[in-house]
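Before any comments, here is the structure.
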Amino acid sequence: MYKYEMIDHAMILPPFISGGVLPATDYALTIDELVTSSLVAGSAGRTDWDMNWRRQLVDNLRIMLGHLWQVGITDIFVDGSFAEDKAHPNDIDGYFLCHRNEYLSGGLESKLQTLDPIWTWDPDSRYAARAGGKRQLPMWHKYRVELFPHIGQLTGIVDAFGNEMQFPSAFRQTRDGSPKGIIKIVGGPT
């Protein structure tokens with residue numbers, strides 16, 4: 001489907017580069033490695049880093065990964081403000097690869113909803129936590145994590161030339177179009 005350059009999951013994440021992002025590549029980490037990485041622990045001397053909140057986000061991600069693994073989804077990528085040099089990230093965003101027919105038939109959503117009813121990507125399910133707030137999916141309200149299925153569809157996010165991108169491209173660049181790194185979750189249930 002897609003070919004990604006992978007960094008050995010045993011390596012330590014490099015420091016953030018200019019723009020507060022990871023250097024552009026895919027970093028393969030198990031969920032346990034993510035918990036102990038600099039994305040949760042921060043860097044030496046950093047006193048404003050909200051390690052407890054970041055750990056909570058990863059714990060929430062772990063629950064959602066468990067759901068995906070139970071239904072056979074293994075290619076999962078995460079980033080968002082969590083993978084940036086922000087002391088208190090808003091959330092974790094990501095996408096996963098899945099079979100087109102299973103997604104389009106509603107089978108995937110149905111299987112996931114038996115595990116937790118938050119699994120939906122129906123735009124009508126989005127709601128704001130407060131008046132005037134951004135409308136988010138139910139999974140975001142419960143876990144502060146949003147994971148989207150990728151079957152080759154366009155995202156509505158455009159590149160510097162105005163071309164609509166697919167999730168793999170959109171998640172690997174900043175809003176201004178600069179390349180950035182992303183975390184690929186490897187392994188399975190722990």
Within the stretch 171-183, can one find any residue that is closer than 17 Å to Trp69 by Cα, modelled with pLDDT of 95 or more and crowded, with 16+ Cβ neighbours inside 10 Å? yes
By my count, helices (runs of 4 or more DSSP H) wholly in the stretch 73-190 with at least 2 residues that are of a type in the set (Ser, Thr, Tyr) are 107-115
Per the filter on the stretch 147-166, residues surrounded by fewer than 16 Cβ atoms within 10 Å (Cβ to Cβ) and among the β-branched types (Val, Ile, Thr) are Ile157, Val158
Subset of the stretch 44-72, residues surrounded by fewer than 13 Cβ atoms within 10 Å (Cβ to Cβ) and part of a loop (DSSP other than H, G, I, E, B), comes to Ala44, Gly45, Arg46, Thr47, Asp48, Gly72
If you go through Gln113, Gln173, Gln136, the only one that is in contact with an Asp or Glu (Cβ under 8 Å, 6 or more places away or on another chain), more than 25 Å from Leu29 (Cβ to Cβ) and of a type outside the set (A, V, I, L, M, F, W, C) is Gln136
Ala129 passes all but one of the listed conditions (1) in contact (Cβ under 8 Å) with a residue 12 or more places away in the chain; (2) surrounded by 11 or more Cβ atoms within 10 Å (Cβ to Cβ); the exception is number (2)
Residues in the stretch 26-43 that are part of a loop (DSSP other than H, G, I, E, B) and within 15 Å of the chain's Cα centre (by Cα) total 1
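The values are calculated or read from the model by the stated rules, or taken from the named source; none is laboratory data. Fair warning: this is a prediction, and the values are worked out from it, not measured in the lab. Note: ideal-geometry Cβ built from the backbone for every residue, glycine included; neighbour counts use all protein chains shown.
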